[in-house]
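Have a look at the structure below, then the notes.
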Amino acid sequence: MNKKQLLLTTLLSGVTFGAAAAPSFAQDNDEIVVTGTRVERQNLEAPSPVTSIDSEALSIVNTINTEQFINSLPQVIPAFDGTSNNPGTGTATVSLRGLGSNRTLVLVDGYRFVSANGDGVVDLNSIPSSLVKRVDIVTGGASAVYGSDAMAGVVNFVLDDEFEGVEVDGSVEFSDKGDAGIYNMGITMGGNFDNGRGNATVYAGYSQRDAVFQGDRDFSRIANDDNGTGFDPFGSSGVPGTRLFDSFTFPDGTTGGATFDAEGNIIPWINSGPDTTRYNYAPVNYLQLPQTRYTLAGFGTYDVTDTVTAKLRGIFTSNVVPTELAPTPFFDFATIDLTTNPFLNDTARSVLTNSAADPTNYQVYIGRRMLEVGPRTNDQELQSMQISGDLSGQWSPDWDWDIHAHISRSSGSTVQTGNVSRSALQAAVLQGRCNIFGSGAFSDACAAEVARTGIIQQVSEQRSLVATSDGPVKMIQSPSADNPLQLVVGAEYRQEDFDFRPDSVLGPDVAGFNQSLPVEGDFNTYEVFGEAYLPLIEGGAFAEELSLNGAYRYSDYSTVGGISSYAAGVEWAPISDIRFRGQIQRSVRAPNVQELFRPQTNGFPAGSDPCAFVNSLPATATQAACVANGVPVGAYNTTALQPNSQIEGLFSGNLGLEAESSDTITLGFVAQPSAIPGLTLTVDYYDIEVEDAIGAPPIQGVMDACLFGVVPEFCGFINRLPDGRIDNVVLTDINAAVLRSEGIDFEVDYNFDADQVGLGGIGGEFGFNFVGGLKLSDEFQALTVTNLDDCAGFFGARYGACGEPSPEWKHTASLQYVKGSVLTSLRWRYLSNTRADDPLSLLDNDPNDPTTLLNDRDINDLFGQETGAKSYFDASGQWDITDHFQLSGGIINVFDVDPPALGDCCSEQANTYPATYNPFGRKIFIGGKMRF
């Protein structure tokens, strides 16, 4: 292998996930493409931990969408994927260490890829999974090497861009219930030309994923309410028959809230229990999002001269992923003339009149599910394109140069149906045209009158130019080393533009999906960087190698000005069998377009007004503090003060934001004992702390800090109506949060012949891989006055700070056996138990001592829900039937393990966390490849 074939990056550990030898379809390729540093090294070791997933490990379990596999790794806390309906955006993203998708830099062949939105996050659906040769995951900051966003690390997709022949592949996957189908097919064609100086490769692919609804599974078809001993049916207080939030006396003497049945009869409101009158919103929500994806890609490589190589790449993806929610819930005050309203029968009129001070002008807070308008659908089509070119060569036999340029564009079109105009609905009801009393009572004409369809267009563009040069600096060499200082220097320019254009329908008048307003912004950055690797001792006693490494990058942003990132590390190999490594890094992240330029739009996070009686819990703030905040004395500690569990927040960006920073420490070793050929053991400790993290302050923290007197200034962000109910809370992005992730990663690779372990009689080769992670801490502090919450071993509850489950131990282990043309594989995925994070307040219980911030989970146990430990086993195999045809198949989740069932307090969606836990049961796949 010559230096031309080394790209800009080098191996970190040489450890590859999926270690067994593959059947004959696997190609050997002498080109090394790796991640984490741009320094050309004489060896294959470097100071930062990496996990590499090769194409065989992906294909053996039929990976169609790469996040399926990546989410199983201990370095990853799942973000959006094919189950993310609400919350969800139709995209698939990756979040290393759970620090956020916007703090994980996604690369393709070592360079940035087109983002899907104003958050600068890459949609993994836009990367052609069939072309992925390897995925390298570097954990820990890497901003000095790759720039902004690499706070938690880097995920680099290495593509197979040189191919000879024709390959057609396809697969079908479905659950043992006959649903959850995923279909994939693709064709790759390539060949050399001009006596091998060039290669051209083209690829076309199609995949389809069928919809599965939450109503199709027992664990998700009914929204769960935790009653302390089990689950009762739960749901929304916005019901198809309309809920009235006042208290009424019924003919049988019972008192309470009211709703209406399908015939328009008034009936008592039953808040909980098996006979609840709440609306079960679960069945019509997606559990698996449908998807249709087309991919086209082309690659060209040509040796212009003996020392200059040109590369050209183009990737286009069209990806359609809709989401679907239950019909719009509408909450507002209604004014009803009980004496003349034509839609009330005599009994209903009598019950309501007895509770009304003025029957001709009765004002009541209502909740109605607009079933007649239909479900809320968000049909998104995202088309992405990137065209890039590389020119690389040599200044001299020792020094290389490379120039890379790309232009990227993603354009999205979203159609939202099922929205309701607040003003149109109010007018239709107040003017007596439309009946809201009874499920199905709203006429088709009324539904057409109030329904609104919105359209959103968005465009994200990125342009980049990167130039590097690397080689040895021979005048700087340790007298005890054979090699001099290795140096990389480079410069980079990048421009990001984002334009988000919703139509006027999606303004403040709309109910259904949240309000959408235009966002337009851009920024650019000029950067210079360098990396160095200096061997101090090579081939010495107790120092087979001792070396130093470092990196520095200076970035000048048009938005936040100049920022610096750097790294420094040391490596020591006392003998060739073992290598110790350590590194410290300072990484940075500049605010993205959304964080800077987003106008004020509404959202509805869960929260508990400290002045209200909510979910069977009394007010936690004093009456005096609440009255001072605008709560009438008579409204204090009443359920009417907060009739549902959500509070409107007004979210906006902030042009005054500064860059985030993170400090990372990694310490570890790699052992490759010569006494055990084929064995590699890696252990790495990491500690990542992000300071001044950008985000909106939590709505609960703002309310608590105001009403407990900790930050009186926050009271100005809480806007109340005359009756004391919170109208909205203003939540502007700020640099305030602190995040920290600490743990230990373990990896074992062992490739061995059967006779090495006393199985010579059966022949063949084995490959064992184990990747495990011990989470020591997973901390989050939203504001300096809120609790520092450690989420290791916990998952989010309604009023907690944690989100997706963060198990203290997570591993993936695989054993493969190859004999002749047959490969078999067994994979074990394990997650330890996690508990609900359930603090009553984000602040200390003692408002007079805000410096002592206790986590209330230590003294309260409101929910007590757990996921339990989960083990998933997958069995699969590949068979090269002939030199031209390969058959594959397998079973995912062999033992049909169900996801944990959780209550309304503590689940993300579908009564569970479907991105973390397999929600589809046992799945079966079969696939094949033909190659010529």
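Would you say ASP883 is surrounded by fewer than 18 Cβ atoms within 10 Å (Cβ to Cβ), closer than 27 Å to ALA79 by Cα and not hydrophobic (A, V, I, L, M, F, W, C)? So ASP883 fails the test. If you go through the stretch 203-243 and pick out every residue that is hydroxyl-bearing (Ser, Thr, Tyr), over 25 Å from the mean Cα position of the chain (by Cα) and surrounded by 18 or more Cβ atoms within 10 Å (Cβ to Cβ), you end up with 4. When we screen GLU658, GLU713 for residues that are more than 30 Å from VAL570 (Cα to Cα), free of Cβ contacts under 8 Å to residues at least 40 places away in the same chain and of a type in the set (Asp, Glu), the only hit is GLU713. Residues in the stretch 387-428 that are charged (D, E, K, R) and crowded, with 19+ Cβ neighbours inside 10 Å: ASP390, ASP400, ASP402. Restricting the stretch 435-454 to residues that are within 22 Å of GLY507 (Cβ to Cβ) and touching a helix residue (DSSP H, G or I) at 6+ places or on another chain (Cβ under 8 Å) leaves a set whose member that is surrounded by the most Cβ atoms within 10 Å (Cβ to Cβ) is VAL450.
Just one of the listed residues (ASP252, ASP232, ASP246, ASP226) is touching a helix residue (DSSP H, G or I) at 6+ places or on another chain (Cβ under 9 Å), at pLDDT below 90 and not assigned by TED's automatic domain parsing to the domain that holds GLU173, namely ASP246. Does the stretch 603-619 hold any residues that are part of a loop (DSSP other than H, G, I, E, B) and either touching a Phe, Trp or Tyr at 6+ places or on another chain (Cβ under 8 Å) or among the small types (Gly, Ala, Ser) (or both), and which are they? Listed by number, the residues that qualify are GLY607, SER608, PRO610, CYS611, ALA612, SER616, ALA619.
The rows are residues; the columns are (1) of a type outside the set (A, V, I, L, M); (2) surrounded by fewer than 24 Cβ atoms within 10 Å (Cβ to Cβ).
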| position | (1), (2) |
| --- | --- |
| LEU105 | no, no |
| ARG112 | yes, no |
| ASN117 | yes, yes |
| LEU124 | no, no |
| PRO128 | yes, no |
| VAL132 | no, yes |
| VAL145 | no, no |
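Selection of the stretch 679-709 for residues being surrounded by fewer than 20 Cβ atoms within 10 Å (Cβ to Cβ) and touching a helix residue (DSSP H, G or I) at 6+ places or on another chain (Cβ under 8 Å) yields only GLY709. Once the stretch 244-273 is narrowed to residues that are of a type in the set (A, V, I, L, M) and surrounded by 20 or more Cβ atoms within 10 Å (Cβ to Cβ), the residue that is nearest to the chain's Cα centre (by Cα) is LEU244. Going through (1) out of contact with any Gly (no Cβ under 9 Å at 6 or more places or on another chain); (2) surrounded by 24 or more Cβ atoms within 10 Å (Cβ to Cβ) one by one, GLY140 falls short only on (1). Residues in the stretch 44-54 that are assigned to a loop (DSSP other than H, G, I, E, B) and among the hydrophobic types (A, V, I, L, M, F, W, C) were compared, and the one that is modelled with the highest pLDDT is ALA46. In the condition set (1) of a type in the set (S, T, N, Q); (2) closer than 16 Å to GLY241 by Cα; (3) at pLDDT below 90, THR328 is compliant with all but (3). Would you say VAL519 is surrounded by 17 or more Cβ atoms within 10 Å (Cβ to Cβ), touching a residue at least 60 places away in the same chain (Cβ under 8 Å) and in contact with a Phe, Trp or Tyr (Cβ under 6 Å, 6 or more places away or on another chain)? Spelling it out, VAL519 is indeed surrounded by 17 or more Cβ atoms within 10 Å (Cβ to Cβ), touching a residue at least 60 places away in the same chain (Cβ under 8 Å) and in contact with a Phe, Trp or Tyr (Cβ under 6 Å, 6 or more places away or on another chain). Out of ARG376, ARG452, which single residue is under 21 Å from PRO322 (Cβ atoms), touching a Gly at 6+ places or on another chain (Cβ under 7 Å) and not small (Gly, Ala, Ser)? After ruling out the rest, the residue left standing is ARG376.
Residues in the stretch 219-265 that are hydroxyl-bearing (Ser, Thr, Tyr), part of a loop (DSSP other than H, G, I, E, B) and within 18 Å of GLN642 (Cα to Cα): SER237, THR242. Scanning the stretch 363-375 finds one or more residues that are surrounded by fewer than 18 Cβ atoms within 10 Å (Cβ to Cβ), more than 30 Å from ASN184 (Cα to Cα) and outside the structural domain of THR255 (by TED's automatic domain parsing). Suppose we filter the stretch 355-414 for residues that are over 30 Å from ASP246 (Cβ atoms) and not in a loop (DSSP other than H, G, I, E, B); how many remain? Final tally of qualifying residues: 33.
For the condition among the β-branched types (Val, Ile, Thr), within 30 Å of PHE604 (Cβ to Cβ) and touching a Gly at 6+ places or on another chain (Cβ under 7 Å), VAL729 qualifies. Of all positions in the stretch 548-564, at least one carries a residue that is farther than 30 Å from SER460 by Cβ and polar (S, T, N, Q). Out of the residues in the stretch 562-576 meeting the condition of being surrounded by fewer than 18 Cβ atoms within 10 Å (Cβ to Cβ) and in contact with an Asp or Glu (Cβ under 9 Å, 6 or more places away or on another chain), tell me which one is farthest from PRO677 (Cα to Cα). Out of the qualifying residues, it is GLY562. When ASP161 is tested against the conditions (1) without any contact (Cβ under 8 Å) to a residue 40 or more places away in the chain; (2) among the charged types (D, E, K, R); (3) surrounded by 22 or more Cβ atoms within 10 Å (Cβ to Cβ), the lone failure is (1).
ALA836 meets the stated requirement of being small (Gly, Ala, Ser) and either under 30 Å from ALA621 (Cβ atoms) or outside the structural domain of VAL61 (by TED's automatic domain parsing) (or both).
The values are calculated or read from the model by the stated rules, or taken from the named source; none is laboratory data. The shown structure was predicted, so the numbers you read here are calculated from the model rather than taken from an experiment. When we count neighbours, we look across all protein chains shown, and the Cβ atoms used for this are built from the backbone with ideal geometry, even at glycine.
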